[in-house]
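Presented below is the structure to which this report refers.
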Amino acid sequence: MKRQKGLRDIAKAADRRPTQLSEEARRPICRFALLIGALLIPASSFRAQQPQISVQVKAVNVLATVRDNHGQIVSNLSKDDFVLEEDGRPQTITYFARETDLPLTLGLVVDTSLSQQRVIEQERAAGQSFLSNMLRQDKDQAFVIHFDREVELLQDLTSSVDVLARALRLLEISQPDRNDGASRSGRGGGTLLYDAVYLASNEEMKKQQGRKALIVLTDGVDRGSKESLETAIETAQAADTVVYSILFADDRPFQRPRGFGMGGGGRRYPQQERPDGKKVLERISRETGGRLFEVSGKQTIQQIFSSIEEELRNQYNLGYTPRADVGPGYHKIAVTTKQKDLVVQARDGYYATP
């Protein structure tokens with residue numbers, strides 16, 4: 001990910017050197033240590049081995065939104081109203097909070113590939129309004145990323161709505177490059193959706209505490225990412241990040257510039273089969289605990305941002321500690337309520353690392 005000058009650098013670990021004693025100072029200590037050691041060898045050996053068998057278990061946090069059978073958000077539940085299972089086994093909820101007051105970290109991830117050229121102005125205006133309404137000064141923060149044939153951080157984390165607005169004004173549609181081999185193959189110069197979700201989660205969200213959410217505006221079609229869809233989802237889950245997807249597709253036919261998509265002599269290259277962007281976005285959101293929204297005549301992008309804002313203001317945070325013998329790999333999470341007519345929206349699981 002390209003980064004602006006002045007962004008945070010990763011600090012290197014300090015080099016620690018042991019303090020050394022003089023030879024004269026060590027002699028009496030060594031004689032005393034030999035005497036004590038001869039008497040206490042079994043106990044000291046046992047203590048030395050303890051760190052090798054200790055097990056470190058990381059707590060798992062799950063953000064949840066609850067709705068009734070009419071689709072209305074329910075915000076008055078307590079810890080005892082929830083049932084949480086991991087891999088089918090009941091878990092004890094050790095941490096519970098309503099998340100309205102905790103800091104919120106937002107990432108606005110905007111597709112600037114050719115497919116979005118007719119909707120980019122609406123995305124820019126709606127995104128600016130959303131951040132203005134959502135961010136609380138000196139408490140919440142946000143960043144802006146755009147992606148096309150590359151992924152670029154336009155603005156790092158800040159609480160300033162004005163600074164974020166300036167970043168949104170920098171959003172521009174990527175222009176086709178006749179010399180780009182990806183363009184000649186019909187890939188539109190690249191749309192690195194999976195890389196964008198991966199980098200936003202791994203480089204920005206992973207270091208933050210509290211509530212975290214990505215808002216991804218795209219048609220859902222990935223072209224050319226190095227990371228896979230599965231890796232992008234896994235990284236978002238590992239960073240405890242909820243992904244809200246806004247499907248903003250321009251269904252009108254797009255006329256490519258003259259000569260674009262053809263090789264020498266006007267030769268046409270075959271188009272690749274177009275993936276189902278809606279299914280891709282639905283999976284990303286479902287497995288991270290977010291939702292998929294689709295811009296349409298019945299639901300504008302402004303209304304969608306209002307719905308996301310409402311959800312983010314009415315979340316529950318449930319925490320538990322997995323069993324000590326949990327192995328590496330994917331573990332399925334199921335969150336329900338004791339009231340059977342309520343529907344819980346939460347991530348499907350998490351990946352445990354050795």
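The values are calculated or read from the model by the stated rules, or taken from the named source; none is laboratory data. Keep in mind that this is a model prediction, so the values were computed, not measured. We place every Cβ from the backbone using ideal geometry, glycine too, and count neighbours over all the protein chains shown.
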Against the condition surrounded by 10 or more Cβ atoms within 10 Å (Cβ to Cβ) and modelled with pLDDT under 90, how does V110 come out, does it pass? no
Collect the residues in segment 189-198 that are modelled with pLDDT of 70 or more and in contact with a Leu (Cβ under 8 Å, 6 or more places away or on another chain), keeping them in residue-number order. Y194, V197
The condition from (1) modelled with pLDDT under 70; (2) surrounded by 14 or more Cβ atoms within 10 Å (Cβ to Cβ); (3) of a type in the set (D, E) that D101 misses is numbered (2)
Just to be sure before I move on: is D251 part of a loop (DSSP other than H, G, I, E, B), surrounded by fewer than 21 Cβ atoms within 10 Å (Cβ to Cβ), at pLDDT below 95 and not β-branched (V, I, T) in the structure I sent? yes
Tell me whether segment 173-188 contains one or more residues that are modelled with pLDDT under 90 and surrounded by 23 or more Cβ atoms within 10 Å (Cβ to Cβ). yes
Out of segment 110-157, which residues are hydroxyl-bearing (S, T, Y), within 23 Å of R211 (Cβ to Cβ) and in contact with a strand residue (DSSP E or B) (Cβ under 6 Å, 6 or more places away or on another chain)? none
Inspect segment 146-163 for any residue being on the phi < 0 side of the Ramachandran plot, among the small types (G, A, S) and either surrounded by 22 or more Cβ atoms within 10 Å (Cβ to Cβ) or touching a residue at least 60 places away in the same chain (Cβ under 8 Å) (or both) and give the result as yes or no. no
Only one of (1) among the aliphatic types (A, V, I, L, M); (2) out of contact with any Leu (no Cβ under 8 Å at 6 or more places or on another chain); (3) closer than 16 Å to D276 by Cα does not apply to L217, and that is (2)
Qualifying positions in segment 204-226 - at pLDDT 95 or above and surrounded by fewer than 20 Cβ atoms within 10 Å (Cβ to Cβ): K226
Residues satisfying the stated conditions in segment 227-243, i.e. in contact with a strand residue (DSSP E or B) (Cβ under 9 Å, 6 or more places away or on another chain), surrounded by fewer than 23 Cβ atoms within 10 Å (Cβ to Cβ) and in a loop (DSSP other than H, G, I, E, B): A239
On the given criteria, is G37 closer than 17 Å to A213 by Cβ and modelled with pLDDT under 95? no
Exclusive hit being among the hydroxyl-bearing types (S, T, Y), farther than 24 Å from A126 by Cα, at pLDDT below 95 and over 26 Å from the mean Cα position of the chain (by Cα), set Y316, Y330, Y269, Y351: Y269
The number of residues in segment 81-109 that are out of contact with any strand residue (DSSP E or B) (no Cβ under 6 Å at 6 or more places or on another chain), part of a strand (DSSP E or B) and over 17 Å from T337 (Cβ atoms) is 1
